[in-house]
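> This is the structure I have questions about; it appears just below.
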């Protein structure tokens, strides 16, 4: 079932995979990172965020690491999430698929700019 | 506060999700509300949360079900009926308690509704007590509580409409009532049904209407309208009754003439008083001294009589005679009718007889002039015929008591002290057509010998206008002044 949920890969799940490519993050961190990398356009709500994380966990595209406190936020212990190799692979192939699309778009003069 | 609201909203998610991520979702909420302060950011936060809920809650539930469906299909190939619990944990004690309370509340509500809904109280049962205490004979009378007049019946019906909705509601469940038990309130009337009502109304008009020419004309108009199909645009009971009333008034603009629809079924017959009623009436009257509350001689030899109704002469003649005899030597009389709600015109006449030395005509808008319209004056041995009379009135003084006031005022026999009276001179009779339709029509209308209108609706104006509370004191002063002048 998780496989079905991720095919095609929902935008939220892809964004989460991308945020985790750099470092391990907790939920709020992921949310902020997504907002940052989309210029504030995408703010994942808790429902969407955690259901996506759940799906990704079930599909073993990410995994939970040991919970610990965020030095900046302090106080509570938080669950952190890390990209698995399968997740990295999926993010990679999805990026390539998008890059292909981008090429097509540019060749059709829909999007200006250099071929990547 | 807002965190509590969000925690509550989180309960919308399936328990599986709440257990796994509920705490983290709350944590995220706390983080965001700590970082995003200010009105606009807060607004954006809540907009995010709500849109997130709207999108993700259904998805959470939606994704559970295919799994369960395939699970159940897999387990029961024979198609035996079975139940599946969607949540994977057992019900919490809170849920069990809440469900239990809800069930009990539903059970209690149903049983209460059933008890009240099934009970059927005929209208006659509601009316009878009023009968027994006020009215014992069938002669037309002013009586505020008798159910005879159209207005009173309408009031009774509208009262029971308000106070007894279960009764009305129960009518359809009275199959024993048969065809007559149909409710027209909202249902449309059949042609045959309308024709029957029109014919019945026409017959009543022909037989009873005060002016028989107009009565016939109205009956004809009703029938013609019915034949022409003017009533055909199908309508419910109240609208049909209003239409017929309007048709009758085209002939005679008589506002006492009405055809009414009653939601509550009318009793078979407006029950006449029985011997039992009469016995009860007699007993009540004896116990209450025929409503002669006080009969006293006061300083300056002023006679004071407080009378709270004009009871039936056949029952209370002796009491009335005794009361008047005890006042016979008074130099002035005060009739206190401030709490008098009316009664029998004959008692009005009987009492008034003591105030004249010759038969005097007492106008009664309900009855044409008869022998009874004249007082049986002079009364043997009576010395009150030339004594000053004061009548105390209030807004409660009603009906027959108003006749007493009105006639004594018009004859310039008494000084009225107090408030304008209630204004009850209804002169109609009520005729039942069927369970839901009835007519109020004026049957007799005596010619008023006075140029002034009678007291219907407007009441009787006192000669000395003071509040009912001050009326007695004022009347006593007036009487004293007058007696001193002598």
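> Considering only residues of the range B:9-41 that are modelled with pLDDT of 90 or more and farther than 22 Å from residue A:26 by Cβ, which is farthest from the other protein chains (Cβ to nearest Cβ)?
B:39
> Can you confirm whether the range B:285-297 contains a residue that is loosely packed, with under 14 Cβ neighbours inside 10 Å and assigned to a strand (DSSP E or B)?
yes
> Restrict the check to the range A:32-39 and report whether at least one residue is within 11 Å of the chain's Cα centre (by Cα) and surrounded by 18 or more Cβ atoms within 10 Å (Cβ to Cβ).
Yes, the conditions are met somewhere in the range A:32-39.
> Then there's this: How many residues, within the range A:1-42, are farther than 23 Å from residue A:71 by Cα and facing chain B (nearest Cβ under 8 Å)?
2
> Using the structure shown, decide if residue A:47 is within 14 Å of another protein chain (Cβ to nearest Cβ) and surrounded by 22 or more Cβ atoms within 10 Å (Cβ to Cβ).
The answer is yes for residue A:47.
> Kindly check whether there is at least one residue in the range B:426-444 that is under 23 Å from residue B:312 (Cα atoms), in contact (Cβ under 8 Å) with a residue 40 or more places away in the chain and surrounded by fewer than 20 Cβ atoms within 10 Å (Cβ to Cβ).
There is at least one residue in the range B:426-444 that is under 23 Å from residue B:312 (Cα atoms), in contact (Cβ under 8 Å) with a residue 40 or more places away in the chain and surrounded by fewer than 20 Cβ atoms within 10 Å (Cβ to Cβ).
> Tell me, yes or no, whether the range B:252-275 has at least one residue that is at pLDDT below 85 and either part of a helix (DSSP H, G or I) or more than 30 Å from residue B:436 (Cβ to Cβ) (or both).
yes
> From B:95, B:105, which residue is out of contact with any strand residue (DSSP E or B) (no Cβ under 8 Å at 6 or more places or on another chain), surrounded by 11 or more Cβ atoms within 10 Å (Cβ to Cβ) and either in a loop (DSSP other than H, G, I, E, B) or modelled with pLDDT of 70 or more (or both)?
Only one candidate qualifies: B:95.
The values are calculated or read from the model by the stated rules, or taken from the named source; none is laboratory data. In this text, all values refer to a predicted model and were calculated from it rather than measured experimentally. We place every Cβ from the backbone using ideal geometry, glycine too, and count neighbours over all the protein chains shown.
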